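Engineer: What follows is a single structure, and I will ask about it in a moment.
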Amino acid sequence: MATFQVHTSPPLRGEATIHTAKNSVLPILAAALLTNEPCSILATPKLTDVDMLCELMRSCGCQIDWDQETLNLRADDLCLPANDDPMRRMRASILIMGPLLARLGVARVTLPGGCAIGQRPIDLHIKGMQALGAAVSLRDGHIELSGRLHGAAVYLDMPSVGATENIMMAASLASGVSRIENAAKEPEIIDLAQCLNMMGARVSGAGSGTIIIQGVPRLRGVQYQPIPDRIEAGTLACATAIAGGNVLLRGARSEHLRALLFKLQESGVIVIEQREGLRVRGKAVQPITVRTMSYPGFPTDLQAPMMAVACYAPGTSVFTETVFENRYMHASELRRLGASIRVEDRVALIDGGAELHGSRVICSDLRAGAALIVAAVGARGDTYVEDPNGHIDRGYERIEESLTELGVPIKRLTAD
Ligand code: UD1
């Protein structure tokens, strides 16, 4: 779809405003299916993942309209999805399962698609629904779930973000008390819990490893503004750490970015928490050790942009990816720019500090695409980042505009 042309950037200057978090907006959109009353999501980012989830939710009878940046939703005539094609294309579509089951007593999902960054099974989502009382069967390649939901204790073998969200939503309308043990602790989980509570749900403990949900008979409509996107902010911070400079990431919340900020500071970048956002100054000049983990560990979604930084930081950096098993696809493209990266299973060794040069590279997934754009900022000459499958627009609202505001010479060459 799009190709981005990036020329060697001078040090970054000025400020960019961080958009609303994709990973908060998607579950909060799905939560609108839990009520027949109108819901409004403020400052919704214009992302193709949002469009795709809206397409799926419309096919469930949900009315959805944009009013500038506000997304208005009303699911007063909810049904099973007539068109489940979006499910095959986007993993987050699994998030409609809990709400459908809770409202209709039945749900049907196909195995979800999305970025090819690992196996990404949905066993924990299914396990959660079963614990809440759903019967699960396989029919025509679909997973069908049915039953009246009741409170239950669910232990997650892994603190899955999506499974925690799905169970929280379903349990909100179940009878009795539910408990999620080893729940994900990401800021987006707290955001969803806050939104559900404004809808009349009784969720406590979000942000800790144990979440308690006291089911209620019905939820009401809500007007909600989700949190700013920590991954977008982190990506722009990485671009600054490569080109140097002094930027304000307006709206970025440093409390959501601690792991990244510590790592940038260890490598020589100055970060200053300001009331209006996060100021990032200077370049990475020391090698970086990164081990991805669930929150509050280093986010897997920033592993690829941070690897771009490591390509420029002199010395040998060591990265270990523990969340997804196939998330180094950017390494081969970074090598095209002249980076020295060896990958052995889940570990990547990056010999940084050599000059990188512009080349034609291709995006394999969303965050890999972001990493290539970030790396291109420091490469000599022109880099062409090709994104034939539109991965970058799934998660970054007009990334070229945010970078242009910071002084990066970047152009979108092909129509979106
Ligand atoms: C969410 C984020 C994604 C981020 C990821 C990890 C959204 C829309 N997406 O994805 O950007 O990269 O968290 O921070 O919020 N797993 C299982 N069984 C399951 C579910 C997950 O084994 O049923 C495994 C996955 O394969 C993966 C790990 O758990 O290895 C984490 O996945 P999960 O937290 O569920 O990621 P998502 O919610 O899909």
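Engineer: Normalised by the residues of the chain, what does the relative contact order come to in percent, with Cα pairs under 8 Å and at least six apart?
Structural biologist: The value is 21 percent.
Engineer: Using a Förster radius of 45 Å, what is the FRET efficiency between Tyr155 and Glu355 based on their Cβ-Cβ separation? Nearest 0.05, please.
Structural biologist: The pair Tyr155/Glu355 has a calculated efficiency of 0.35.
Engineer: Okay, moving on. May I ask you to evaluate 6.51 cos²θ - 1.76 cosθ + 1.60, the Karplus curve with θ = phi - 60°, for each residue of the range 215-228 and list the ³J(HN,Hα) values in order in whole Hz, giving x for glycine and proline?
Structural biologist: Values per residue, Gly and Pro as x: x, 10, x, 8, 10, 10, x, 8, 10, 9, 10, x, 6, x Hz.
Engineer: Give me the percent of the accessible area of the chain that comes from carbon and sulfur atoms, probe 1.4 Å, all protein chains in place.
Structural biologist: 49
Engineer: For Arg380, which sequence-distant residues (separation of 5 or more, or a different chain) have an amide H within less than 5 Å of its own amide H, given hydrogens modelled in the peptide plane?
Structural biologist: The list, which skips near neighbours in sequence, is Leu356, His357, Gly358.
Engineer: From the phi of every residue in the range 132-138, what ³J(HN,Hα) in whole Hz does the Karplus formula 6.51 cos²θ - 1.76 cosθ + 1.60 yield, where θ is phi - 60° and glycine or proline is x?
Structural biologist: 7, x, 7, 8, 10, 9, 9
Engineer: While we're on this one: Quick one: Cα centre-to-centre distance for the range 50-106 and the range 323-362, in angstrom?
Structural biologist: Value for the Cα centre distance between the two parts: 37 Å.
Engineer: Okay, next question. Pull up all non-local amide H partners of Ser340: gap of 5 or more, or a different chain, and H-to-H distance under 5 Å with H placed in the peptide plane.
Structural biologist: Sorted by chain and number, the residues that satisfy this are Asp351.
Engineer: Please give the length that would be gained between Asn326 and Arg291 if that part of the chain were fully extended, namely 0.36 nm times their separation in residues minus their C-alpha to C-alpha distance (nm, one decimal). The partial results should precede the final answer.
Structural biologist: On the way: separation 35, 0.36 × 35 = 12.60 nm, distance 1.46 nm.
Net length gain for the segment: 11.1 nm.
Engineer: Output wanted: per-residue J couplings in Hz (rounded whole) for the range 361-370, from phi through Karplus 6.51 cos²θ - 1.76 cosθ + 1.60, θ = phi - 60°, x for Gly and Pro.
Structural biologist: Result, rounded to whole Hz: 10, 10, 7, 9, 7, 4, 6, 5, x, 4.
Engineer: Under 5 Å between amide hydrogens, which residues at least 5 positions from Gln223 or on another chain qualify, with H placed 1.01 Å from N in the peptide plane?
Structural biologist: Ser40
Engineer: Could you give the length gained on full extension between Glu266 and Val347, defined as 0.36 nm per residue of separation minus the Cα-Cα distance, in nm?
Structural biologist: 27.2 nm
Engineer: Still on this structure: Would you work out if the range 22-224 is rounded, prolate or oblate? Take a ≥ b ≥ c from the square roots of the eigenvalues of the alpha-carbon gyration tensor; rounded if a/c is under 1.5, else prolate when a/b is larger than b/c, oblate otherwise. Working shown, then result.
Structural biologist: Details: a/c = 1.28, a/b = 1.11, b/c = 1.16.
In terms of gyration-tensor shape, rounded.
Engineer: Let me ask you something else. Rank these residues by their accessible area, most exposed first, probe 1.4 Å: Lys185, Lys283.
Structural biologist: Lys283, Lys185
Engineer: Compute the length gained on full extension between Val216 and Glu255: take 0.36 nm times their separation in residues and subtract their Cα-Cα distance, giving the result in nm to one decimal.
Structural biologist: Value of the extension gain: 10.9 nm.
Engineer: If the only charges are +1 at each Lys and Arg Cβ and -1 at each Asp and Glu Cβ, what is the size of the charge dipole of the range 22-224 around the Cα centre, to the nearest 20 debye?
Structural biologist: Here the range 22-224 has a charge dipole of around 420 debye.
Engineer: While we're on this one: So how strong a dipole does the range 263-383 carry about its Cα centre when Lys and Arg Cβ are +1 and Asp and Glu Cβ are -1, to the nearest 20 debye?
Structural biologist: In total the dipole reaches around 240 debye.
The values are calculated or read from the model by the stated rules, or taken from the named source; none is laboratory data. As the structure is a computational prediction, the values presented were derived from the model and not from experiment. Cβ: placed from backbone, ideal geometry, glycine included. Neighbour counts: every protein chain shown. In case anyone asks, the SASA skips ligands and DNA or RNA and just uses the protein heavy atoms, side chains included. Shrake-Rupley method; radii C 1.70, N 1.55, O 1.52, S 1.80 Å.
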